1. Considering only protein heavy atoms, what per residue accessible area in square angstrom results for the chain with a 1.4 angstrom probe?
2. If the cut-off is 12 Å between C-alpha atoms, which aspartates and glutamates fall inside it for Lys446, apart from same-chain ones fewer than 8 positions away?
3. Could you check the spin-label model distance between Glu52 and Asp78? Points 7 Å from the Cα along Cα→Cβ, value in nm.
4. I'd like to compare 452-462, 34-44, 502-512: which one has the highest average count of other Cβ atoms within 10 Å, and what's the full order after that?
5. Could you estimate the translational diffusion coefficient of the chain from the Stokes-Einstein equation, with Rh from the Kirkwood formula over C-alpha pairs, at 37 °C and 0.692 mPa s, in whole µm²/s?
6. For region 495-515 and region 194-238, compute the distance between their C-alpha centroids and round to whole Å.
7. Consider a paramagnetic label point 7 Å from the Cα of Trp519 along Cα→Cβ; state which residues of region 371-399 have an amide N under 15 Å from it.
8. At a threshold of 8 angstrom on Cα-Cα distance, excluding pairs fewer than six apart, so keeping six or more, what relative contact order does region 453-572 reach in percent?
Amino acid sequence: DGTEPSHMHYENDENYFRGYEWWLMKEAKKRNPKIKLIGLPWTFPGWIGKGENWPYDYPDVTAYYIVSWILGAKQYHDLDIDYIGIWNERAFSSKYIKLLRYTLDKRGLEQVRIIASDRLWEPISFVMLTDSELHGVVDVIGAHYPGTKTVQNAILTGKKLWSSEDYSTFNDEVGAGCWARILNQNYVNGNMTSTIAWNLVASYYEELPFGRCGLMTAQEPWSGHYKVESPIWITAHTTQFTQPGWSYLQVDGHLEGGGSFVALTDGLGNLTIIIETMTHNHSKCIRPPLPNFNVIPQRATFYLKGSFYMVKTLQVWHSRLDFESGNSSLFQRLHPVKVWRGTFSLDLNVDEVYTLTTLKTGQKCGCPEPPPPQPFPSNYKDDFNIRNPPFSEAPNFADQTGVFEYFVNASDPGDHVFTLRQVVVQRPITWVSDADQTISVIGNFKWVNMTVTCDIYIEKQHDGGVFIAGRVDNGGIYVRRTKGVFFWVFADGTYRVTGDLAGEEILMKGLSGVRDNAWHTLTLNIQGNSASGLLNGYPLWENVTVSKPSNGWAAVGTRSFEFAQFDNFHVE
């Protein structure tokens, strides 16, 4: 739900310290050194297409861009990327995939495997069956939201099958039910040996299109409040008792009374069985639609054979999702189960998850209570005066098109040495429709009356322009239709007030005397149905009637993909 900064904004630019992903990968490795790292581009910087909205016209350039990122991960962060994808939910090019493999090998990255095509099972599976060279370079077929099913062609390739993006569901008990069901049934029904949740942590404004579609919620950096939601403990049923490299046992995992089970082993004698009995209405994912099915309470008997016949006891972990009282029991340790001559039975109710395992390691942390939730500060300032920022972007600003980064103005006489700068100067090869303008939102979506003040600096001569805004109502994949109250000034000395980011609904316009390459202070005041604007502390326009939207974030941005700077941001 927003943009992320590339490691190469421009052709001659390389920087492996932008954004939060490097930090995130390193934190993940601290917790589990065996965790796998995958790179998948959703968008490419515009220079890769040399003016075309397409990443495959110059496949050598695209491969160079991707391989640079993998090498940078190792060189600057000692991170080994295990898998690399092609283009999220968009077309693939067989020629590019082959060139990517060649480029990886040439740079000594033979161990990096290729996953394709992060869309549907077809046409990638069919093309791999008809193109032996492509079949040789693709290691994993990854499909998105497969609904626990695969297709015959995918199976015929003999490749590993993954649900390489799934879940994407609001993280309440139904989301937990969705996650429990697909974690098992993607293998049981579709032979998939990996299921990847989009997304890990909901750490973005909740009112964006996919609010709280993460396994847990941490969307208040200003208060430190977070919530470990039920999908996290559903995950633990699988991930605390298996590791990458374990193998699924090839058993029919459908339970007679509905629900499913999977069994995994490390090949060294350990066994983990995960059972789920999610009912239809309590396990609907956001997509695809879920055909009807029934689950009833049942007694299930399991038979352990071969080397597992010798197992005497299994540790038991249990969750029950409660949709009546909201009193779910999550990831509780129960008494071990005795296995007698290789058999044991369990009474299974509906909407439950069981893990039975030879491992004795599971744990449910007794973590300290997080700080209580608090709304975004109603009086918020940032002067961007930070010499060695821990991240490339200012806190709490959520870029929705373009990238806003800390910037040091070495030539400035002193007032504006440290600023926030919009740095994307060419429309990216987009995944979804970015706006034609750049925009970063901040604050509390519930805000109604507000005053936004910011120093602005237009860098683009003639047709450059910037805005500050309030009551901004949208972002993410819907950013093009964003409404609000937008106060624009342009390099040609004019200003505008519009009701939308696209600048089509003009509420007021006139002359301002603003010019490029000079600092000016804009103030936007919205009270009830009326808005007014100041330039350098003096009224420029007033009594403009505003009706919809009735509330929303504050924002800053630019007229096009252009350099511009912002300083001394203040919203009240």
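The values are calculated or read from the model by the stated rules, or taken from the named source; none is laboratory data. Note that this is a predicted model, so its numbers are computed, not measured. Backbone-built Cβ (ideal geometry, glycine too); neighbour counts: all protein chains shown. For accessibility, only protein heavy atoms count, side chains too; no ligands or nucleic acids. Shrake-Rupley method; radii C 1.70, N 1.55, O 1.52, S 1.80 Å.
1. Spelled out: the 1.4 Å probe surface of the chain, per residue, equals 45 Å².
2. Result set, ordered by chain and number: Glu206, Glu207, Asp473.
3. 4.3
4. 452-462, 34-44, 502-512
5. Here the translational diffusion coefficient equals 126 µm²/s.
6. 38
7. 382-386
8. 35
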